[in-house]
Every structure is written in C-alpha cells, then in structure tokens.
Amino acid sequence: MTNKQVPSTIKDEILVEKRRQQMIKGAVILFTEKGFHKTTTREIAKASGFSIGTLYEYIRKKEDVLFLVCDSIYERVKERMEQSIDQNEKSIANLVLAIRAYFHLMDDMQGEVLVMYQEVKSLSKDAQDYVLKKEREMVAMLEKVITNSLPVTISQEQVALVANNIFVQGQMWGFRRWILQRSFTLETYTEQQIQLLLHGLKVEEKELS
C-alpha cells in the first residue's frame, strides 16, 4: 500500500495532494488531542476546512486518513534525515553530527511521531508493513553512517543494534518527555547519549577531531 493507492474519485493529482495535506494537518492535531478512535471523520473534515462529503472524495474510510498521516510523517522524517545526514563521510565527528541532527528532528516532530506510534496498530496489515518498511530504510541510513564512521570494524549485527539504539533514543525524547524534560534540555540529553554511545563503542574523544 502506498499514498497513491488510497483511492480518490478526484483525478486532478495536484488537487488530491493539496486536499490530503490539509487533511493530514488537521488530523494530526485531532489525533494528538483525542486519539484516532475518538476522532470522527466529521471532525477531520472540519479541521481540514471542507465538508464531510468533500472528505470522502479523497478517502474511502477513516483508516485511510491515519495511513496518510503515518506515510506523511515518515516521508518528512526521511527527507530531513537525507538533508542533514551525510551517509558517506568517514569520521566519528560525522556520526556525532548525524545523531545530533536526528535528535533535533525528533524534538521538532515529537507530537507527530508520538501519534504515529500510538495509532499505527489501527492500520491494516499491509499498511503496517509499508510503514515499517519505511522505518527500516531510515535505520539503514544510520547503519551506513556507523559503518563508515567507526575507526574499527564491528559486526553487521552490532551495527544494526547501535543504529536501532540511536533511532529509539531519539524517539524516547518525545515518548518519555513527561519525565526526561524535567531533568534534561535537548542539548544535555543529546550530549549524554552521545557520550554513552562513544564509551560503549570504545571510541576516544580525541578521535572526534
């Protein structure tokens, strides 16, 4: 399942994209406040700025809106990761920059990411598989950075584990914000996670230069 596979009775692709972006923006606000199941299609239509009749010209059912929301969030995360992370630079400093960029991205999008992970279980199996495939692609970006950056060789299994740790630590800033943000700023949280990672990988600070 992909964005283009969500049926629409409207043939103008530019208009479809415009209306769906309005829909996604309104739905994210509602899902954050009320959750997916307690939000009605009528509320989504109103938040999107059009009638419920117009809404159903662009989707078949409420679950389509959730899929579009999840797909949009992953596309935005992937695009920003690609813009801010150099996957081919070979230095520990580049790995540190990549982690900082990713953590700042998760801070910027913490509300959207929280909604996505809370509600993705409501998607169909095919839609869940599609969304999780996108997540694996983003983890693979981090794996490439790690492989290129480390001064020593570690197994692919270890690379995958480190990449997943970084991925989850970035999301944890939003998931656990109610407790973490009492004790840390984004900067102190990021720096401490980086230091713990470098220590675990037995990378010396002098190798950052």
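A 1.4 Å probe, protein heavy atoms only, puts the accessible area of residue 175 near 70 Å². Helix 13-34 and the long axis of the chain differ in direction by around 70°, with both axes built from C-alpha atoms. For the stretch 92-209, lysine pairs separated by 8 or more sequence positions, or belonging to different chains, with Cα-Cα distances below 23 Å total 8. Note on exposure: 178, 173 ranked by accessible area (1.4 Å probe, complete protein assembly) read 178, 173, with the most exposed listed first. Between the alpha-carbon centres of the stretch 119-149 and the stretch 47-101 there is a gap of 12 Å. Note on residue 90 and residue 108: the model spin-label points, each 7 Å out from Cα along the C-beta direction, lie 3.0 nm apart. Rolling a 1.4 Å probe over the protein heavy atoms gives the stretch 89-209 an accessible area of 54 Å² per residue. Given R0 = 30 Å, the distance between the Cβ atoms of residue 184 and residue 124 translates into a calculated FRET efficiency of 0.20. Residues in the stretch 33-87 average 50 Å² of solvent-accessible surface per residue, probe 1.4 Å, ligands and nucleic acids excluded. Over the C-alpha atoms of the stretch 55-101, the Rg to Rh ratio, Rh being the Kirkwood estimate, stands at 1.30. Please list log₁₀ I(q)/I(0) at q = 0.11, 0.14, 0.15, 0.18 Å⁻¹ for the chain, using the Debye equation with identical point scatterers on the alpha-carbon positions. The Cα Debye sum returns log10 ratios of -0.60, -0.87, -0.95, -1.20. Against the longest principal axis of the chain, how steep is helix 62-84, in degrees 0 to 90 to the nearest 10, with axes from Cα atoms? Approximately 30 degrees, to the nearest ten. With 0.36 nm allotted per residue and the present C-alpha distance subtracted, the residue 32-residue 78 stretch has 14.4 nm of extension available.
The listed residues 201, 66, once ranked by accessible area (1.4 Å probe) with the largest placed first, stand as 201, 66. For the chain, with all protein chains in place and a probe radius of 1.4 Å, 53% of the accessible heavy-atom surface sits on carbon or sulfur. For the chain, averaging the sequence separation of C-alpha pairs within contact (under 8 Å, six or more residues apart) and dividing by the residue count gives a relative contact order of 23 percent. Rounded to the nearest 20, the Cβ-based charge dipole of the chain about its Cα centre (Lys and Arg +1, Asp and Glu -1) stands at 800 debye.
The values are calculated or read from the model by the stated rules, or taken from the named source; none is laboratory data. As the structure is a prediction and not an experimental result, all values here were calculated from the model. For neighbour counting, all protein chains shown are included, and Cβ atoms are generated from backbone atoms with ideal geometry for every residue, glycine included. Each accessible area value is taken on the protein alone, full model and side chains, heavy atoms only, with ligands, DNA and RNA left out. Shrake-Rupley method; radii C 1.70, N 1.55, O 1.52, S 1.80 Å.
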